[in-house]
Structures are given as structure tokens and as C-alpha cells.
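Novice: Input: one structure, supplied below.
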Amino acid sequence: MNSVIYPPLDLDIYKPSTSSPVEDYVLTYLGKESKFSLIKEIADLGIYIKAFGSKLSYIPSTILKHSNIECLGHVSDETLVDLYTNAHYTFFPFTD
């Protein structure tokens, strides 16, 4: 028997914070398993990216200093909910 076990989320916290998003960005996670070349490619096309993740020592300077990428570091649950709610879409390119 095959089944999927989804990780538990507190749906009182992880729900849209607004019904009218107003920001103009793509959201991604930055970590040691991120495919940085793809993130940079998207930013090079002029797409503004907000990126979260607490392992900044793994992030290349081409990402950290890119004018179209805002590296936020570790964010609170409340901030993460707002980021997801207001993003045009999420983009998570992983190496594996």
C-alpha cells in the first residue's frame, strides 16, 4: 500500500495573511541544497527574488550581492506566512 504522510502544519498560523497581495516578487529558499545557478538565471532576467534561509555561509556572493535578490536570512513564522501570501509564485530549485 502506497501513501503520503504530509508534515503537520499549524493551520491557524499557516494561512494567507491577505486576500489582496500587493508585492511584486518571487519567493525562494536559500540553503546548501539550492541550485544557485538557476536562482541567478531568474534574477538575471530581471525578476525580483526574495530569499529566506539561515545558512548564509553556503550562499555564493553572486547571489548575496545580486541587485534583484533580497537575502532575508532566517525569518519568523509570521514573516514567512506574509512572504508566501504576497509572492507571485515560489521557486525552489534543488540540486537533487
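Novice: Where only protein heavy atoms count, and the probe is 1.4 Å, what is the accessible area per residue for the range 3-96 in Å²?
Specialist: Accessible area per residue: 66 Å².
Novice: If we sort 80-89, 59-68, 25-34 on the protection proxy, mean other Cβ atoms within 10 Å, highest first, what's the order?
Specialist: 25-34, 80-89, 59-68
Novice: For Ile49, what residues show an amide H to amide H distance below 5 Å, using hydrogens built from the backbone and excluding near sequence neighbours?
Specialist: HN-HN under 5 Å from Ile49: Val26, Ile69, Glu70.
Novice: Express the carbon and sulfur contribution to the solvent-accessible surface of the chain as a percent, rounded to the nearest whole number, probe 1.4 angstrom.
Specialist: Reported share for carbon and sulfur atoms: 54 percent.
Novice: I've got another one for you. Assuming 1.567 mPa s and 4 °C, estimate D for the range 45-96 with Stokes-Einstein, Rh taken as the Kirkwood radius over Cα pairs, in µm²/s.
Specialist: Stokes-Einstein gives a translational diffusion coefficient of 107 µm²/s.
Novice: Right, something else. About the Cα centre, and with charges only on the beta carbon of Lys, Arg (+1) and Asp, Glu (-1), how big is the dipole of the chain? Nearest 20 debye, please.
Specialist: The calculated dipole for the chain is roughly 340 debye.
Novice: Give the angle, between 0 and 90 degrees and rounded to the nearest 10, that separates the Cα long axis of helix 77-86 from the longest principal axis of the Cα atoms of the chain.
Specialist: Result, in degrees: 80.
Novice: For the chain, what does the relative contact order come out to in percent, with C-alpha contacts under 8 Å and a separation of six or more?
Specialist: Reported relative contact order: 40 percent.
Novice: Students often get this wrong, so try it: which of [x] 15, 45, 26, 10, 3, 0; [y] 15, 44, 30, 10, 1; [z] 18, 55, 27, 1 is P(r) over Cα pairs in 10 Å bins from 0, in percent as calculated from the structure shown?
Specialist: Comparing each candidate, only [y] matches the computed number.
The values are calculated or read from the model by the stated rules, or taken from the named source; none is laboratory data. Computed from a predicted structure; not experimentally measured. Note: ideal-geometry Cβ built from the backbone for every residue, glycine included; neighbour counts use all protein chains shown. Heads up: the accessible areas ignore ligands, DNA and RNA and are worked out on the full protein's heavy atoms, side chains in. Shrake-Rupley method; radii C 1.70, N 1.55, O 1.52, S 1.80 Å.
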